[in-house]
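Working notes, structure below.
The values are calculated or read from the model by the stated rules, or taken from the named source; none is laboratory data. This one's a predicted model, so the numbers in the text were calculated from it and none came from an experiment. Here the Cβ positions follow ideal geometry from the backbone for every residue, glycine too, while neighbour counts run over all protein chains shown.
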Amino acid sequence: MTDIMLSHLPSGERSKAQKHSDYRSKIVSNYQPLHRELYNLVPRLCFVPSFLKAINENTEDSFRSIISEASPGVFVFDMLLPSFCEMMLAEIDNFEKWVGETKFRIMRPNTMNKYGAVLDDFGLDTMLDKLMECFIRPISKVFFNDVGGATLDSHHGFVVEYGKDRDVDLGFHVDDSEVTLNVCLGNQFVGGELFFRGTRCEKHVNTATKSDEIFDYCHVPGQAVLHRGRHRHGARATTSGHRVNMLLWCRSSSFRELKRLQKDFSSWCGECSCEKRGESTDKYVKALHAPQA
């Protein structure tokens with residue numbers, strides 16, 4: 001299937017995709033996993049019972065029974081077992097050790113993080129696909145249907161690391177996703193709070209922040225944060241210790257296609273909503289930093 005899809009891409013994109021495929025193949029064929037059970041998602045080994053129960057019932061009421069909306073559009077819930085977090089941390093350490101020993105040059109998660117790793121690149125892509133399709137998409141269908149939550153069909157999964165000799169903080173930005181899952185894996189750390197400043201479409205990404213859009217979240221190992229990719233956010237400095245987070249950027253190809261034809265995003269963009277109501281933004285406070293796409 002991968003070969004068929006590659007053959008239909010424009011020549012430039014096909015060459016880039018082939019290089020990435022070769023890159024992944026080289027890693028998978030040489031890297032020896034520490035915990036092979038991680039590579040096939042076994043729900044009872046991954047998730048806390050309350051999360052599994054809600055997913056199995058698969059109703060809006062069951063999701064709302066375990067998920068709190070900490071701020072408009074920011075949903076928080078207990079998700080991962082401590083034992084699963086520990087295995088993931090050990091697997092990441094093992095991969096980083098292999099990278100150091102082999103001097104293999106790996107791609108980092110994005111342009112903003114100098115540390116961390118793309119989980120899809122060393123064999124966890126199938127596991128993360130299942131996580132998105134069977135666990136995140138049902139929730140997103142309820143809470144993020146206005147940005148394609150029901151049609152999530154691809155992902156970018158990675159971990160980021162903060163602390164001494166790692167990244168310290170993360171600037172104000174939006175994600176290349178429709179829905180973002182962010183789960184803290186651990187360890188002991190101080191600081192690193194996520195700060196949110198309202199959801200914006202591409203046209204309004206640099207506009208002012210309303211006072212009711214300001215929200216800070218303190219990470220808890222095993223606890224998940226789910227939000228729209230266009231929800232502007234950043235991470236404050238991790239002042240001590242070592243913090244590792246797993247992120248899953250979930251995307252919808254059908255929503256992205258439809259979005260190209262739209263001009264009004266008032267159902268989820270705070271600024272489009274204000275314009276539709278004819279409100280002035282003069283009373284709103286300015287964003288702390290200019291967001292980056």
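Some points to look at:
- Selection count where residues are assigned to a loop (DSSP other than H, G, I, E, B) and either farther than 10 Å from Cys201 by Cα or touching a helix residue (DSSP H, G or I) at 6+ places or on another chain (Cβ under 6 Å) (or both), scope segment 246-263: 4
- Residue identified as over 19 Å from the mean Cα position of the chain (by Cα), farther than 30 Å from Lys16 by Cβ and surrounded by 14 or more Cβ atoms within 10 Å (Cβ to Cβ) among Ile27, Ile106, Ile66: Ile66
- Residue match in segment 109-119 (condition: touching a residue at least 12 places away in the same chain (Cβ under 8 Å), in contact with an Asp or Glu (Cβ under 7 Å, 6 or more places away or on another chain) and surrounded by fewer than 16 Cβ atoms within 10 Å (Cβ to Cβ)): yes
- Filter result for Asn206 (under 20 Å from the mean Cα position of the chain (by Cα) and of a type in the set (S, T, N, Q)): no
- Residue that is nearest to Pro221 (Cα to Cα), among those in segment 38-64 that are of a type in the set (Val, Ile, Thr) and out of contact with any Phe, Trp or Tyr (no Cβ under 7 Å at 6 or more places or on another chain): Val48
- Total residues in segment 147-186, condition surrounded by fewer than 21 Cβ atoms within 10 Å (Cβ to Cβ), over 18 Å from His233 (Cβ atoms) and out of contact with any helix residue (DSSP H, G or I) (no Cβ under 9 Å at 6 or more places or on another chain): 3
- Residue list for segment 158-177, restricted to those being more than 14 Å from the chain's Cα centre (by Cα) and small (Gly, Ala, Ser): Gly163, Gly171
- In the set Ser71, Ser7, only one residue is more than 19 Å from Leu119 (Cα to Cα), modelled with pLDDT of 90 or more and either exposed (fewer than 12 other Cβ atoms within 10 Å of the Cβ) or among the small types (Gly, Ala, Ser) (or both); that residue is Ser71.
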